[in-house]
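**Student:** Quick one: the structure is below, and I'll ask about it shortly.
Just so you know, all these numbers are worked out from the coordinates, no wet-lab data involved. Just so it is clear, the structure is predicted and the values come from calculations on it, not from any experiment. When we count neighbours, we look across all protein chains shown, and the Cβ atoms used for this are built from the backbone with ideal geometry, even at glycine.
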Amino acid sequence: MSPCPSLRQALRAATRAEHEALEAQPLMRRLVSPELTLAEYSLIVRAQRAYYRLLEPALWPFERQLRDRLPDAGYRYQSRLPALERDSRQLALPADESEPGWVFRPTSAEQALGVLYVLEGASQGGRLIARRLEQVLALDGENGARFFSSYAEHSNWTLFCRWLEELPSEELWGEAITGAQKTFTTLHIHFDHWQRRV
Ligand code: HEM
């Protein structure tokens, strides 16, 4: 049986269309294409780095609140930035210190839970993408693909799903769903913006 059938299923059903649209976004399609180039992959790393730089400062206070409420679950969000900064250095990417971005910033712990659902759920596709990067560009966790390969090595998904199961009463699910849907749609807009640079 799935580790978290209820709120997780609601989130999954409510964001199915957004996930499908994001998978069809041209940069995301390239990411799993056998013709992916290093230039395209580099742009995707820069786009992800810009996204997490803008999102994480807004996420941390609510992630902390959620952990205070649910101290026993053992889940904690791991910043994606160390891996992205490392990949950027290994690929000799520009520093991009003040790039604009399209980010949904949560305003409540429940919304942040929806944001975290999207970020942790990305590990499910991330593992597949890591294999592709190794096959197509010979990149792995040591030479420029740490962000994606870390999904293959360890994922917080199971712990996070247990966390979802303990939270919150059904009347708060709507807030979490809003957080997840807005995260998908803004990430899509963010990638569209970066794609114009190809
Ligand atoms: C090329 C891009 C992508 C591919 C190929 C892909 C693929 C997948 C796959 C195969 C799954 C597992 C589906 C299942 O269990 O039935 C999945 C789940 C998921 N992906 Fe993606 N994905 C991509 C991009 C993303 C991105 C960019 C995000 C968010 C940042 C994301 C968020 C999620 C979430 C939240 C789930 C979990 C759904 C659930 O089981 O509750 N995906 N993805």
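**Student:** So for the pair residue 131, residue 23, with labels modelled 7 Å out along Cα→Cβ, what separation do we get in nm?
**Tutor:** My value for the distance between the label points is 1.4 nm.
**Student:** Further question: Report the label-to-label distance for residue 58 and residue 108 in nanometres (one decimal), using points 7 Å from each Cα along the Cα→Cβ vector.
**Tutor:** Going by the 7 Å Cα→Cβ label model, 1.6 nm.
**Student:** Once you put a point 7 Å from the Cα of residue 198 and another 7 Å from the Cα of residue 33, both along the Cβ direction, what distance in nm separates them?
**Tutor:** The answer from the label model is 0.5 nm.
**Student:** Between the alpha-carbon centers of region 113-142 and region 56-96, tell me the distance in whole angstrom.
**Tutor:** Their Cα centres are 15 Å away from one another.
**Student:** Report the local net charge at residue 24: Lys and Arg +1, Asp and Glu -1, summed over other residues whose C-beta lies under 14 Å from its C-beta. Could you put the intermediate results ahead of the total?
**Tutor:** Numbers: positive: 16, 29, 30; negative: 18, 20, 23, 192.
Combined, the nearby Lys, Arg, Asp and Glu give -1.
**Student:** Taking square-rooted eigenvalues a ≥ b ≥ c of the alpha carbon gyration tensor, is region 1-106 rounded, prolate or oblate, where a/c under 1.5 means rounded and, failing that, a/b exceeding b/c means prolate?
**Tutor:** Numbers: a/c = 2.14, a/b = 1.35, b/c = 1.59.
Oblate.
**Student:** What does the charge count around residue 50 come to, taking other residues whose C-beta lies under 11 Å from its C-beta (Lys +1, Arg +1, Asp -1, Glu -1)? Before the final figure, lay out the partial values.
**Tutor:** Numbers: positive: 46, 49, 53; negative: 96, 97, 99.
Net charge in that neighbourhood comes out at 0.
**Student:** Still on this structure: Compute the Rg/Rh shape ratio of the chain: radius of gyration over Kirkwood radius, all on alpha-carbon atoms.
**Tutor:** Numbers: Rg = 16.4 Å, Rh = 17.2 Å.
Value, to two decimals: 0.96.
**Student:** With bins 10 Å wide starting at 0, give me the P(r) of region 98-198 over every alpha carbon pair, in whole percents.
**Tutor:** P(r) over region 98-198, rounded to whole percents: 15, 33, 36, 14, 2.
**Student:** Please identify every one of the GluC sites (Glu not before Pro) in region 49-133 that sits in a loop by DSSP and has no more than 15 other beta carbons within 10 Å of its own beta carbon. Kindly include the intermediate steps, with their values, before the conclusion.
**Tutor:** Numbers: sites: 63, 85, 97, 110, 120; in loops: 97.
Here the GluC sites (Glu not before Pro) that fit, given the DSSP loop and packing criteria, are 97.
**Student:** Name the helices (complete DSSP H segments) of the chain with a Cα length along the long axis of 18 Å or more and a Kyte-Doolittle mean of at least -1.0, or state none. Kindly include the intermediate steps, with their values, before the conclusion.
**Tutor:** On the way: long enough: 38-69 (43 Å, -0.48); 109-137 (39 Å, 0.31); 173-195 (33 Å, -0.47).
TM-like helix candidates: 38-69, 109-137, 173-195.
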